[in-house]
Amino acid sequence: GNSVTQMEGPVTLSEEAFLTINCTYTATGYPSLFWYVQYPGEGLQLLLKATKADDKGSNKGFEATYRKETTSFHLEKGSVQVSDSAVYFCALTPRGTGANNLFFGTGTRLTVIP
Amino acid sequence: ETGVTQSPTHLIKTRGQQVTLRCSSQSGHNTVSWYQQALGQGPQFIFQYYREEENGRGNFPPRFSGLQFPNYSSELNVNALELDDSALYLCASSLEGGETQYFGPGTRLLVL
């Protein structure tokens, strides 16, 4: 089946610290992988994506590399800001199915303190 | 370009009642998906509509039903509400065959 496992939160970091949020997946075939972010009181926003092995998605200083050998898609940022405080969701879309629905992890809450 | 919009933003119902949630897709997007996000959890796929037909369904009972209209807007209907239906309901739209989904702000439903 299809599933996503994220590191448990919450994560609290000081401003300018390095961020890693681990994400591993199980999927039939070769899925596309996504990171979505949810700011307080808002819906989900696409942060970045990767569609094939060794692809690196990047946006707003965040990066994640599609690792087929370890079935992982860890999110990293070199220097977090207070404005990065949000809940981060790793997700996948399986290939070869009729619907391009997303399977989400449970989310990781990040709080960045000044 | 108008993004995905949902209405209402909040809703309170009692157990056994019925509810209809509405979604307008992003301009040019003909595929709409609905997700349920329980508190502290990731969104769970309910179903997807494409060209006014259901195009995939998650593990939700038949009392969750939907519609898509010719202008690609969509409704989610839930009958016989249960307490566990309390959640944030998210609508997402995408282009035909597109993998990237764009989400609305959600409707928060509370069932008492």
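Bear in mind these aren't lab numbers, they're just calculated from the coordinates by the rules spelled out. From a predicted model like this one, the values you see are computed outputs, not experimental measurements. When we count neighbours, we look across all protein chains shown, and the Cβ atoms used for this are built from the backbone with ideal geometry, even at glycine.
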R0 of 25 Å, Cβ-Cβ distance A:Y39-B:R51: FRET efficiency to nearest 0.05 = 0.15
inquiry  = Using Cα springs under 10 Å in a Gaussian network model of chain B, which residue among B:N77, B:N30, B:N59 shows the largest mean-square fluctuation?
reply    = B:N59
query = Which number comes out as Rg/Rh for the range B:1-49 once both Rg and the Kirkwood Rh are worked out on C-alpha atoms?
reply = 1.00
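Convert 25 °C to kelvin, take the viscosity as 0.890 mPa s, use the Kirkwood radius over C-alpha pairs of the range B:1-91 as Rh, and evaluate the Stokes-Einstein diffusion coefficient in µm²/s, rounded to a whole number.
Working: Rh = 13.5 Å.
Here the translational diffusion coefficient equals 182 µm²/s.
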message = Under the √(5λ) rule applied to the eigenvalues of the Cα gyration tensor, what semi-axes describe the equivalent ellipsoid of the protein assembly as shown? Give them in Å, descending.
response = 29, 21, 16
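Let's see if you can work this out: charge +1 on each Lys and Arg Cβ, -1 on each Asp and Glu Cβ, no other charges. What is the dipole magnitude of the protein assembly as shown about its Cα centre, in debye to the nearest 20?
On the way: 16 positive and 20 negative charges, 52 e Å.
Taking the Cα centre of the protein assembly as shown as origin, the dipole is about 260 debye.
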ask   = Size of the dipole of chain B about the Cα centre, Lys and Arg at +1 and Asp and Glu at -1 on the beta carbon, nothing else charged, in debye to 20?
value = 340
task = Run the numbers on chain B and let me know its relative contact order in percent, using alpha-carbon pairs under 8 Å that are six or more apart.
result = 37
task = Take the alpha carbon atoms of the range B:1-58, find their center, do the same for the range A:2-55, and report the distance between the two centers in whole angstrom.
result = 22
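Per Stokes-Einstein, at 25 °C and 0.890 mPa s, what whole-number D in µm² s⁻¹ belongs to the range A:74-114, with the Kirkwood radius over Cα pairs as the hydrodynamic radius? Before the final figure, lay out each step's value.
Numbers: Rh = 12.3 Å.
Once the numbers are plugged in, D ends up at 199 µm²/s.
Mean separation of Cα pairs under 8 Å and 6+ residues apart, divided by the residue count of the range B:7-73: what relative contact order is that in percent? Mind showing how you got there, number by number?
Numbers: 83 pairs, mean separation 17.6, N = 67.
Dividing the mean separation by the residue count of the range B:7-73 yields 26 percent.
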Principal axis box of chain A, alpha-carbon based, largest edge first, Å = 45, 29, 22
